[in-house]
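Trainee: Handing you a structure now.
The values are calculated or read from the model by the stated rules, or taken from the named source; none is laboratory data. The structure presented is a predicted model; accordingly, all values stated were derived computationally and were not measured. Quick reminder, even Gly has a Cβ in these numbers, built from the backbone with ideal geometry, and neighbours come from all protein chains shown. When the accessible area is computed, the model is the full protein with side chains, heavy atoms only, and any ligands, DNA or RNA have been set aside. Shrake-Rupley method; radii C 1.70, N 1.55, O 1.52, S 1.80 Å.
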Amino acid sequence: MWEPNPKSPGNTPQVAPGSYSHHFSSANIPFGIASSFVHDRPQAVTRVKDVVIFLNLLAEDGFFSQVEGLPPGVFALDTLNDFAALPRTVHRQVRSTLQAALGATGDPSCFPLYAVAVVSMVTMHMPVRVGDFADFSCSEAHVSNAGRIAGQRDLPKAFYSHPIGYQGRASSIVISGTSIPRPKGHFSPDRIVTTFGPSTAVDYELEFAAIIGKPLPWGEQVNIAEVEGHVFGYVLLNDWSARDIQVFEMPPLGPFIGKNFGTSISPWVVTPDALGSFRTRGPYNPYRPRENHLEASLLSTYDIRMRVEIIVGGTRTVTCETNVAELYWTLLQAIVHLTSAGCGLRTGDIVATGTVSSAVQFGCLLESTNGGRAPITLNDGTQRCYLEDGDIVELSATAGGSGESGVGFGNCLGQIVASKGV
């Protein structure tokens with residue numbers, strides 16, 4: 001039977017600073033998949049401060065014996081899909097059981113040493129097996145800026161009637177920390193001669209994404225009042241983009257090679273319950289749909305502060321600070337619209353917001369550099385229109401305007417490396 005460890009100064013492993021521990025208070029309790037030297041099989045974990053807790057070992061000791069509806073062995077699997085598909089009431093019971101053990105101080109030393117590891121000593125893996133990936137353009141500012149750069153004066157007519165999006169490539173989604181090879185494709189620098197080779201305009205995109213838990217059968221639709229019941233949790237997402245390839249290939253069918261070579265997600269899935277106290281209003285929408293499938297509660301988005309940093313040779317440059325609440329369309333509305341024709345949902349599906357920009361903060365280099373025409377200067381003195389080989393991009397986000405809530409997403413990190421092959 002599980003019993004808490006005696007609290008002693010040596011019971012919690014030591015950890016190096018700078019690991020986003022302030023994002024992971026006991027108010028968070030995210031879920032992920034991890035392994036370590038001691039725990040060599042990827043399995044379900046949570047995190048408190050800088051301590052990773054292996055949930056299956058606790059379950060085998062009876063820690064979750066009072067949780068109704070939790071199947072045996074669900075935390076021993078190498079993805080969270082089976083756990084994510086369980087009713088939200090089960091997720092809540094697991095969180096509350098962990099929070100009760102942590103107590104008012106949120107001290108993870110209550111857990112036995114055999115079930116914990118310092119975060120720097122674990123390897124994070126993809127939290128879910130992704131079936132489908134849909135990416136939207138929920139930001140009015142981003143759509144407006146990107147259109148202006150492309151020479152379009154007006155936003156697409158459809159933007160104000162529903163969230164616009166496209167189907168991405170699920171097989172290219174990778175966990176934070178995975179290097180991204182520079183893609184090759186066709187582009188036309190002078191708009192006369194077509195070239196095939198490594199992209200010269202690799203970009204990042206700061207995005208927020210939902211992971212589907214409860215499935216929805218094909219042929220059915222979900223309404224706005226029930227859609228959150230299908231969301232297991234949220235992650236950060238970087239939809240890497242090759243702008244030169246993208247702009248050449250898009251007419252008339254949309255993005256393809258320029259978008260399918262890599263998409264990074266953060267490893268910790270933050271639940272709707274952890275974000276519940278950070279609900280807020282989005283921007284005023286004069287065209288807000290009424291009495292249809294997209295009508296949303298006024299408090300239908302979250303106050304989540306997001307940041308992008310480019311790291312070159314250890315020197316960091318903040319290139320964007322914005323907020324999920326800036327988005328014209330919410331992720332819940334995007335999911336509702338996705339299902340409106342009856343496509344259904346599968347556990348592990350990812351639905352993303354598209355670039356999160358505001359009127360003055362730009363979530364991608366396409367906007368920051370005016371399509372590569374006006375380079376930005378980094379803190380190491382170098383300039384960038386687009387990313388160079390070796391550049392590291394780090395996304396991070398915290399719930400609440402102050403960033404001191406104890407609920408955050410850690411980071412989503414990737415490095416651009418040279419193209420593979422000839």
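Trainee: In Å and from the alpha-carbon atoms only, list the Rg and Dmax of segment 280-422.
Mentor: 18.0, 56
Trainee: If you don't mind, there's one more thing I want to ask. In whole Å, how far is the Cα centre of segment 306-370 from that of segment 229-284?
Mentor: The distance from the Cα centre of segment 306-370 to that of segment 229-284 comes to 5 Å.
Trainee: Related question: Percent of accessible area on the chain owned by carbon and sulfur, 1.4 Å probe?
Mentor: 54
Trainee: Under a point spin-label approximation (7 Å from Cα along Cα-to-Cβ), what is the residue 114-residue 370 distance to one decimal in nm?
Mentor: 6.5
Trainee: Could you check which residue among 228, 249, 205 shows the biggest mean-square fluctuation in a GNM of the chain with a 10 Å Cα cutoff?
Mentor: Per the Cα network of the chain with a 10 Å cutoff, 249 tops the list.
Trainee: With a 1.4 Å probe and all protein chains left in place, how much accessible area per residue does the chain have, in Å²?
Mentor: 43
Trainee: Provide 386, 284, 166 ordered by accessible surface of protein heavy atoms (probe 1.4 Å), highest first.
Mentor: Output order, biggest surface exposure first: 284, 166, 386.
Trainee: Please give every one of the lysines within straight-line cross-link reach of residue 420, meaning a C-alpha to C-alpha distance under 19 Å, and leave out same-chain neighbours fewer than 8 residues apart.
Mentor: 184, 259
Trainee: Could you give P(r) for segment 208-276, binned at 10 Å from zero, as whole percent values over all Cα-Cα pairs?
Mentor: 17, 31, 30, 20, 1
Trainee: Using a Gaussian network model of the chain with C-alpha springs under 10 Å, which one of 192, 257, 149 is most mobile by mean-square fluctuation?
Mentor: 192
Trainee: Kindly provide the Kirkwood hydrodynamic radius of segment 51-140 in Å, to one decimal, from all pairs of distinct alpha carbon atoms.
Mentor: 15.1 Å is the Kirkwood radius here.
Trainee: A further question on this structure: Go ahead and collect, in residue order, the members of segment 362-392 whose backbone nitrogen is under 16 Å from a label point 7 Å along the Cα-Cβ direction of residue 191.
Mentor: Residues passing the 16 Å test: 371-373.
Trainee: Now for a different question. Using only Cα atoms, find the angle between the long axis of helix 140-149 and the longest principal axis of the chain, and express it within 0 to 90 degrees, rounded to the nearest 10.
Mentor: It is inclined by approximately 30 degrees.
Trainee: May I pose another question? So how much slack lies between residue 41 and residue 161, counting 0.36 nm per residue of separation and subtracting their Cα-Cα distance, in nm? The partial results should precede the final answer.
Mentor: Working: separation 120, 0.36 × 120 = 43.20 nm, distance 4.69 nm.
That works out to 38.5 nm of additional length.
Trainee: Once segment 185-317 is represented by equal point scatterers at the alpha-carbon sites, with solvent omitted, what log10 I(q)/I(0) does the Debye formula produce at q = 0.09 Å⁻¹?
Mentor: These q points yield log10 I(q)/I(0) values of -0.44.
Trainee: Hey, if you drop one equal point scatterer on each alpha-carbon of the chain and run the Debye formula without solvent, what base-10 log of I(q)/I(0) do you get at q = 0.11, 0.14 Å⁻¹?
Mentor: For the requested q values the scattering log ratios are -0.82, -1.30.
Trainee: Using 7 Å Cα-to-Cβ label points, what is the residue 67/residue 418 separation (nm, one decimal)?
Mentor: 4.7
Trainee: Sticking with this structure for a sec: Kindly express, to the nearest 10 degrees and within the range 0 to 90, the angle between helix 88-102's C-alpha long axis and the longest C-alpha principal axis of the chain.
Mentor: So the helix axis and the longest Cα principal axis differ by about 60 degrees.
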